[in-house]
1. Quick one: in region 39-70, which of the residues that are of a type in the set (D, E, K, R) and at pLDDT 80 or above is surrounded by the most Cβ atoms within 10 Å (Cβ to Cβ)?
2. What number of residues within region 107-149 are in a helix (DSSP H, G or I) and of a type in the set (A, V, I, L, M, F, W, C)?
3. When the residues of region 85-114 are narrowed to those that are loosely packed, with under 14 Cβ neighbours inside 10 Å and among the hydroxyl-bearing types (S, T, Y), which ends up farthest from R74 (Cα to Cα)?
4. Does P113 qualify as being more than 15 Å from the chain's Cα centre (by Cα) and more than 22 Å from A49 (Cβ to Cβ)?
5. Run down D36, D107 and say which single residue is modelled with pLDDT under 95 and closer than 25 Å to S132 by Cα.
6. Can you pull out the residues in region 55-100 that are within 15 Å of S45 (Cβ to Cβ), among the polar types (S, T, N, Q) and assigned to a loop (DSSP other than H, G, I, E, B)?
7. Considering each of G101, G58, G143, G94 in turn, give the residue that is within 11 Å of the chain's Cα centre (by Cα) and among the small types (G, A, S).
8. Taking region 130-140 on its own, how many of its residues are surrounded by fewer than 19 Cβ atoms within 10 Å (Cβ to Cβ) and over 13 Å from the mean Cα position of the chain (by Cα)?
Amino acid sequence: MLRSLATLILPALTACSTTQQTLPQLRLTPDELSADSASNNQIGSSRIAGVHTKVLVGDPSQPGFYTLLLFVPRETTIQAHAHRDDRIATVLAGEWHFGYGDHFSRDALKTLPAGSVYSEPGGAQHFAQTASDAVVVQISGYGPTDTVYFERKNEPSKHD
């Protein structure tokens with residue numbers, strides 16, 4: 001009995017381990033991260049002009065784990081939107097003002113200084129704002145991800 005279970009389980013475990021995504025070796029200093037941060041990559045972001053991302057690991061448009069850096073310029077407001085996947089984020093630089101809800105509200109914003117952590121549950125509407133500082137946020141999730149604005153009129157691609 002045990003031997004027949006082993007012949008069923010071992011191949012399944014081997015198949016899982018060979019298809020499991022592995023992380024690359026990655027060592028980047030803050031200077032290296034900001035050196036090429038001027039790209040226009042918008043994957044996993046709000047699609048607002050000036051906001052961009054740098055993908056560190058994975059591909060947010062495909063199934064699998066990903067981590068990206070979100071670069072948001074000073075004095076930027078991001079209206080209520082959601083992503084289909086659960087995401088967890090850490091504020092790396094600047095002061096991020098973040099809130100949950102289907103409409104932007106200054107009263108609902110919580111100030112998150114560098115070192116703060118927050119979540120973006122899949123399908124949960126949220127919004128954010130920067131003040132006098134640009135902000136860098138590290139976001140991790142399990143793709144594919146997307147960005148859907150609560151109100152179509154707030155979708156940046158509709159105004160470009």
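The values are calculated or read from the model by the stated rules, or taken from the named source; none is laboratory data. The structure displayed is predicted, hence computed values, not measured ones. Cβ placement follows ideal geometry from the backbone for every residue including glycine, while neighbour counts extend to all protein chains displayed.
1. Pass one, region 39-70, residues of a type in the set (D, E, K, R): 47, 54, 59.
Checking which are at pLDDT 80 or above leaves us with 54, 59.
Details: K54: 20, D59: 16.
Only one residue tops the list, namely K54.
2. If we filter region 107-149 for residues that are in a helix (DSSP H, G or I), which is where we start, we get 107-108.
Narrowing the set further to residues that are of a type in the set (A, V, I, L, M, F, W, C) leaves 108.
Within region 107-149, residues that are in a helix (DSSP H, G or I) and of a type in the set (A, V, I, L, M, F, W, C) number 1.
3. Ranking the candidates gives S105 first.
4. On the way: more than 15 Å from the chain's Cα centre (by Cα): yes; more than 22 Å from A49 (Cβ to Cβ): yes.
In short, yes.
5. So the residue among D36, D107 that is modelled with pLDDT under 95 and closer than 25 Å to S132 by Cα is D36.
6. Once the filter is applied, which keeps residues that are within 15 Å of S45 (Cβ to Cβ), among the polar types (S, T, N, Q) and assigned to a loop (DSSP other than H, G, I, E, B), region 55-100 yields S61, T76.
7. On the way: G101 fails: within 11 Å of the chain's Cα centre (by Cα); G58 fails: within 11 Å of the chain's Cα centre (by Cα); G94 fails: within 11 Å of the chain's Cα centre (by Cα).
After ruling out the rest, the residue left standing is G143.
8. Taking region 130-140 as the starting set, the residues that turn out to be surrounded by fewer than 19 Cβ atoms within 10 Å (Cβ to Cβ) are 131-134, 138, 140.
When the remaining residues are screened for being over 13 Å from the mean Cα position of the chain (by Cα), the result is 131-134.
Selection size over region 130-140: 4.
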